[in-house]
Amino acid sequence: MEIIQIVGLGLIGTFLALIVKEQKPTFAFMLVVFIGCVIFLFLVGEIADIIRMLEKVAINSNVNTVYVETILKIIGIAYIAEFGAQITKDAGQGSIASKIELGGKILILAMAIPILTVLIETIIGLIPS
């Protein structure tokens, strides 16, 4: 029931931030960032378990681990970019948030090109000439 702990921590942080925001908006923002980081750190163990499970599946199915590692990096970029963008949006910097999201998308595309190339080559190899 980790989700109850996560939601509880988020709600407590939200209520505290709303109370502190009236007197010290800077502290309220730092509290929100801190709570976000604590929730992320709380999930690191789960993320590690997922990575180990995917690596096992890849090894058992004889999939090249380079592709699995690349996909995991792509997923990591997406989550980190989203986390950073949400924090900057919370700070009222929507334009910077959109640049973070754009940067994440470009990095994801750059990392996906080798996988897309192999996929296209495989499909072309399956088509009879």
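The values are calculated or read from the model by the stated rules, or taken from the named source; none is laboratory data. Bear in mind that the values here come from a model prediction, so they are computed numbers and not experimental data. Reconstructed Cβ throughout: ideal geometry from the backbone, glycine too, with neighbour counts over all protein chains shown. For accessibility, only protein heavy atoms count, side chains too; no ligands or nucleic acids. Shrake-Rupley method; radii C 1.70, N 1.55, O 1.52, S 1.80 Å.
What is the residue count in the stretch 116-129 for residues that are among the charged types (D, E, K, R) and open to solvent by less than 70 Å² (accessible area, probe 1.4 Å)?
0
What number of residues in the stretch 63-100 are open to solvent by 60 Å² or more (accessible area, probe 1.4 Å), part of a loop (DSSP other than H, G, I, E, B) and hydrophobic (A, V, I, L, M, F, W, C)?
So the answer is 1.
Condition first: open to solvent by less than 100 Å² (accessible area, probe 1.4 Å) and either over 16 Å from Ile87 (Cβ atoms) or modelled with pLDDT of 95 or more (or both). Now tell me which residues in the stretch 13-35 satisfy that.
Once the filter is applied, which keeps residues that are open to solvent by less than 100 Å² (accessible area, probe 1.4 Å) and either over 16 Å from Ile87 (Cβ atoms) or modelled with pLDDT of 95 or more (or both), the stretch 13-35 yields Leu16, Val20.
Just one of Phe42, Phe34 is in contact (Cβ under 8 Å) with a residue 24 or more places away in the chain, of a type in the set (A, V, I, L, M, F, W, C) and assigned to a helix (DSSP H, G or I); which is it?
Phe42
Which of the residues that make up the stretch 101-115 are open to solvent by less than 80 Å² (accessible area, probe 1.4 Å) and not small (Gly, Ala, Ser)?
Once the filter is applied, which keeps residues that are open to solvent by less than 80 Å² (accessible area, probe 1.4 Å) and not small (Gly, Ala, Ser), the stretch 101-115 yields Glu101, Ile108, Met111, Pro114, Ile115.
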